[in-house]
Every structure is written in structure tokens, then in C-alpha cells.
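Visitor: Let me begin by handing over the structure; questions about it come next.
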């Protein structure tokens, strides 16, 4: 990947002129992080700014979601632009003035920046309206594990606000500021959890023959699960299966009645995910049965894979290239991380892209408290890319909803 920062991105002058106000807004959101489905203050702030710019808006989808509506012209075409609003249950280590006011809550993934970029674009679009159609500004709650996108859809997002395509964007610290990354197909994996209880028979550890010890069975299962991806799945299909928790017993001289395993499964395709779930059930039941034990198996599918659609990606890439140049629109490397924008992409066509967040030098503490990576206690969104992200949103609208010639 190229890390060369473009020298003269084609930013919209008025967005640049308004950037200090948007920067202050971003830092206000950062200082007051709210967890999933608790984004009341953030939603109030978003709604207040939309009202200030005379943008009609709807509240309450997904509990705290906000949808702004900007219309112009006579076209029935409509698109959605989405930003997430929620923070993470983390304790921030940064010491700058806009650090979190709330212990144990932090904007450690840049959703404050995503919200600010979309608000910046909203301000410009409301004032200029160089497009023909409708733009829906989707400010979504609860991306971090709460499935806020799915909640908004179930509350009628696409029925109340019908649109032909939806677009999302996430900052990416591995990319240089001034770059974008976008690709067709799967770009983020599905998120799935499992919990397994092996039911043995407890006894004194000095008399193991009088019980059924679930711990050695758990060890066999952990190793056997790794053969699913290496021996049952096509080696060209990327997937991940990790046992991340093992719980058994309370004393060193007692063989426990049960042993519990928990972990995560990630995949880019439903076929691979179906295979993993099926084989986990088969392996677990048969190994437990071989040792005379029962088991409980819980496999939960949380977020589907994030899969970009070809035509929206092509439009997005063309718009990005017009802003930063072809050489700074990079191939989006798929990641095993998950994103609930996937629910929207399973419902209507769309595109989810990355915008480079830089190496972390924008932080006042530099790298002193740790790397500037997502979900890190010293992370901070790079304010230098606010105008770039907002310009992309505006140019995308003007491309997709072009005025009649």
C-alpha cells in the first residue's frame, strides 16, 4: 500500500472555512461519549445542528437514531449517508483538553469523527443543494455490539425513507491521512459467538475415577475445533475460530461438574459460517459422548459480513479519485473485524469505505501512551481529515444525484 499523502486534495472551500466549528463539535462529542442506545446527548446535539441548518429530521429509529432529510429538485432518486454515534466501554488514557469526561467511556473508534464529518456535509448540502433528489443523513446508534443498524431497519428505516443505495465510511489508522480505500465484495467479516457447557460429574480430585472430568474434554475440543478451518473448509476461504474463554472449577482439589468454553467465529461467507457451526455441533456432541458426557451448545450470529456492491463502489472510487487522485484510492484490504453497516448492505445496495486516519502524530501526546489504533485507550480521531471526509460525502451526493443538464 502506498502511504504517500496527496499534496493538494480538492477540498471544498466552504467546508474548509467551516472546519474549525466542526472540529469543535467533534471534540465536544469526544468529551461526552455515550454507549450503545444511550446516545441521548449526542442525538440532541445532532438534531440541534440539523434544526439550525433548517434540515427536517426524524428521531427515534433504533431508540436514539436521527435521520436528516435534504431534498432538492424533482427527482425521485434518493441515497443514504450513514454515520455511527456510539462510544466504547473503555477508560481513556489521553490527557488533552477534549478527553472523555466520563470514566469508563471513550470514543475509541472515531464515531465522533464520523458524526462530525456527516454534519459538516449536511451543513454544506443544506446551503448549496447542487443536486437533484433526496439525501438521507443517517446518524445511527449502537454500532459497537448493539446492532443499531439492524434496529433502525426493523423500526422502518428503508420504508420511511426509501433510497436506492446507502453509503458508510470508517476512519482507518493503518492508512495515511489523505487516502481512501474501497473494494467490491466482502471487506469485513461476520461476527459470531459461541458458548459451550460440558457437563461432567464432579468429585474429589484424589478420586477421579468416581467422576467425569470435563476439563480434558474441553482441551480436546479446543484442539479439534482448529481442524474445521484447516481440514474441512476450503483453504482459500478465509475464516477464524478462537476459543477465548475457559471456565471450570473453584478449588484445586475438586474436579468440577462443568467446564465452559466461549469464543468467536469470523467469516466472509455464509457457506463457510454454516460449515463451521455444523462441524462445531458435531465435534462437540461426539467428543462429549465418547467420554460419557452431555453438553449445551449456543452459537449466536451477531453481525453478517460487510459486502460491498460493485456499482456503488465504482461510483465511490471515481469520486474519491477526483478529490485525492487515483494513486491515493487504495484497495480495501478485508479485515476480520465486524461492522453492523452490514445489515444495511444486506438490505439495499451500497458501499462501505475506509478513510485514512494517519499514524497518530496528530495527538498531543504522540505515541507516548500507546499506538493510535482503533479500540486503543490512547486513540483519537484525526481532525485533519474532517474536511476530506465531508468533501467526499458532498461530491458523492452531487455525482449520484446529478443536476439535469
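Visitor: Report, for the chain, the % of DSSP beta bridges that are antiparallel, rounded to 5.
Guide: Working: 47 of 68 bridges.
Within the chain, antiparallel bridges account for around 70 percent of the total.
Visitor: Which Rg and Dmax, in Å, describe the Cα atoms of the stretch 190-303?
Guide: According to the Cα coordinates of the stretch 190-303, Rg and Dmax are 15.1, 48 Å.
Visitor: Angle check, please: helix 111-128 long axis (alpha carbons) against the longest principal axis of the chain (alpha carbons), in degrees 0 to 90, nearest 10.
Guide: Roughly 30 degrees, rounded to the nearest 10.
Visitor: Something else about it: Please quote Rg/Rh for the stretch 228-273 to two decimal places, taking the Kirkwood radius as Rh and restricting both calculations to Cα atoms. Walk me through the numbers on the way to the answer.
Guide: Working: Rg = 15.7 Å, Rh = 12.9 Å.
With Rg and the Kirkwood Rh in hand, the quotient comes to 1.21.
Visitor: If neighbour count is taken as other Cβ atoms inside 10 Å, put 403, 61 in order from fewest to most.
Guide: Values: 403 13, 61 23.
The fewest-first ordering by Cβ neighbours comes to 403, 61.
Visitor: Only counting other Cβ atoms within 10 Å, I'd like 303, 167, 102 sorted with the fewest neighbours first. Before the final figure, lay out the partial values.
Guide: Values: 303 23, 167 28, 102 14.
So the residues, fewest neighbours to most, are 102, 303, 167.
Visitor: Residue 244 label point, 7 Å along Cα→Cβ, cut-off 19 Å on backbone N: hits in the stretch 180-224?
Guide: What the label zone holds, given the 19 Å backbone N cut-off, is 188-197, 222-223.
Visitor: Follow-up. Enter the Cα centre distance for the pair the stretch 1-72 and the stretch 163-230, rounded to the nearest angstrom.
Guide: 34 Å
Visitor: Cut-off 10 angstrom, C-alpha nodes, Gaussian network model of the chain. Which of 52, 39, 174 fluctuates the most?
Guide: Looking only at 52, 39, 174, the largest GNM fluctuation is found for 52.
Visitor: How much length, in nm to one decimal, is gained on full extension between residue 252 and residue 154, taken as 0.36 nm per residue of separation minus their Cα-Cα distance?
Guide: 30.4 nm is the gain from fully extending residue 252 to residue 154.
Visitor: Mind giving me the nanometre distance, one decimal, between the label points for residue 282 and residue 54, set 7 Å out from Cα along Cα→Cβ?
Guide: Distance between label points: 6.5 nm.
Visitor: Need the full-extension length gain, residue 361 to residue 299, defined as separation in residues times 0.36 nm minus the C-alpha distance. One decimal, nm.
Guide: Values: separation 62, 0.36 × 62 = 22.32 nm, distance 4.12 nm.
Contour length minus the Cα-Cα distance gives 18.2 nm.
Visitor: Between residue 260 and residue 40, how high is the FRET efficiency from 1/(1 + (r/R0)^6) when r is the Cβ-Cβ distance and R₀ = 35 Å? Nearest 0.05. Intermediate results must be reported in sequence, preceding the final value.
Guide: Values: r = 36 Å, r/R0 = 1.02.
With R0 = 35 Å, the Cβ-Cβ based efficiency is 0.45.
Visitor: Take residue 230 and residue 274, extend 7 Å from each Cα along the Cα→Cβ direction, and tell me the distance between the two endpoints in nm.
Guide: 2.7 nm
Visitor: Rank by packing, highest mean first: peptides 228-236, 261-269, 208-216, with packing defined as the count of other Cβ atoms within 10 Å averaged across residues.
Guide: My ranking of the peptides, most packed first, is 261-269, 208-216, 228-236.
Visitor: For the stretch 131-197, evaluate the Debye formula with one uniform point scatterer on each Cα (no solvent term) and list log10 I(q)/I(0) at q = 0.11, 0.26 Å⁻¹, rounded to two decimals.
Guide: -0.43, -1.29
Visitor: Once the Cα atoms of helix 40-52 and of the chain are each reduced to a long axis, what angle between those two axes, in degrees from 0 to 90 to the nearest 10, is obtained?
Guide: The helix 40-52 is inclined about 20 degrees to the chain.
Visitor: Still on this structure: Just to check, using Stokes-Einstein with a Kirkwood Rh over alpha carbon pairs, what's the diffusion coefficient of the stretch 291-405 at 37 °C and 0.692 mPa s in µm²/s?
Guide: Details: Rh = 17.5 Å.
D = 188 µm²/s.
Visitor: Let me ask another. Would you mind estimating how fast the stretch 72-192 diffuses translationally, via Stokes-Einstein at 20 °C and 1.002 mPa s with the Kirkwood radius over Cα pairs, in µm²/s?
Guide: Values: Rh = 16.6 Å.
For the chosen part, D equals 129 µm²/s.
Visitor: Pairs of Cα atoms under 8 Å, at least six residues apart: use those to get the relative contact order of the chain, whole percent.
Guide: Working: 925 pairs, mean separation 101.3, N = 405.
25 percent.
Visitor: How long is the stretch 262-343 along each principal axis, judged by its Cα atoms, biggest number first, in Å?
Guide: 65, 21, 18
Visitor: Grab the DSSP H runs of the chain that are 4 residues or longer, score each as -39,500 (n - 2.57), total them, divide by all residues and round the 222 nm result to the nearest 500 deg cm²/dmol. Don't jump to the answer; show the numbers that get you there.
Guide: On the way: 11 runs with 132 residues, N = 405.
That comes out to -10000 deg cm²/dmol.
Visitor: Next up: What FRET efficiency comes out for the pair residue 310/residue 289, r = Cβ-Cβ distance, R0 = 41 Å, nearest 0.05? Spell out each step's value before the answer.
Guide: Numbers: r = 47 Å, r/R0 = 1.14.
Once rounded, the FRET efficiency stands at 0.30.
Visitor: If you don't mind, there's one more thing I want to ask. Take the alpha-carbon positions of the chain, form their convex hull, and give its projected area averaged over all directions (one quarter of the hull surface) in nm². Don't skip to the answer; put the middle values down first.
Guide: Working: hull surface 88.3 nm².
For the chain, the mean projected area of the Cα convex hull comes to 22.1 nm².
Visitor: For helix 19-31, report the angle its Cα long axis makes with the longest principal axis of the Cα atoms of the chain; keep it between 0 and 90° and round to the nearest 10°.
Guide: 30 degrees
Any read-out appearing in this document is the output of simple, stated calculations on the displayed coordinates, not a laboratory observation. This structure is a prediction, so every number in the text was calculated from the model and none was measured. Every residue, glycine as well, gets a Cβ built from its backbone with ideal geometry; the counts of neighbours run over all protein chains shown.
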